[in-house]
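Visitor: Structure below; questions to follow.
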Amino acid sequence: MARITIDLPDTVEFVTTIPLRIGDINYGGHLGNDIVLSLVHEARVRFLRSLEYSEHDIEGCAIIMSDAAIVYRREARYGDVIDIAVSIGDFSGSGCDLFYRLSRHADQVEVARVKTGIVFFDYERGKPLRVPQKFRERIEKGRP
């Protein structure tokens, strides 16, 4: 069976730390697979906030997720604190990919890799928008 691989960009834009709650743990006693997308969503919101953006306003544009892929590497358990490193790459005309590396804070063992595709989107018209040039420049040149 073919496996998904996610190659992470060399540049990390942002790192945040999130402790696992009891509700994040499944019946197997480890981080639930469904929770991983919630964790990276929180990391994405924190990253955008660090740039003074939100998911509803990046240089006047909103974003929508177009796809997601997760590669699970190791277990994480209740009480673990997870570092989430966020990177951006693969810009296209209307979007880009966000990459996330989830690691246990205590030993930096990688728990998961995630890629989410985002598209800049006009919710009123229901149509994609071009990547805001100022946002792309900020990412490609590094944050001011």
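The values are calculated or read from the model by the stated rules, or taken from the named source; none is laboratory data. Predicted model, so just to flag it, every value in this text is computed and none were measured. Glycine gets a Cβ as well: all are built from the backbone with ideal geometry, and neighbour counts include every protein chain shown.
Visitor: Ile63 - would you say it is surrounded by 14 or more Cβ atoms within 10 Å (Cβ to Cβ) and either in contact with a Pro (Cβ under 9 Å, 6 or more places away or on another chain) or of a type in the set (A, V, I, L, M, F, W, C) (or both)?
Guide: yes
Visitor: Filter the stretch 84-108 down to residues that are aliphatic (A, V, I, L, M) and within 15 Å of Leu20 (Cα to Cα), then give me how many there are.
Guide: 3
Visitor: Say we look at the stretch 1-20 and pick out the residues that are touching a Phe, Trp or Tyr at 6+ places or on another chain (Cβ under 8 Å) and of a type outside the set (S, T, N, Q); which of these is nearest to Ile139 (Cα to Cα)?
Guide: For the stretch 1-20, the residue satisfying everything is Glu13.
Visitor: Look through Ser87, Ser103, Ser50, Ser66 and report the one residue that is farther than 21 Å from Pro132 by Cα, polar (S, T, N, Q) and modelled with pLDDT of 95 or more.
Guide: Answer to the selection: Ser103.
Visitor: In addition: Could you check how many residues of the stretch 29-41 are touching a residue at least 24 places away in the same chain (Cβ under 8 Å) and surrounded by fewer than 13 Cβ atoms within 10 Å (Cβ to Cβ)?
Guide: The total comes to 2.
Visitor: Just give me the residues in the stretch 105-123 being touching a Ser or Thr at 6+ places or on another chain (Cβ under 8 Å) and assigned to a loop (DSSP other than H, G, I, E, B), in sequence order.
Guide: Of everything in the stretch 105-123, those that are touching a Ser or Thr at 6+ places or on another chain (Cβ under 8 Å) and assigned to a loop (DSSP other than H, G, I, E, B) turn out to be His105, Val109.
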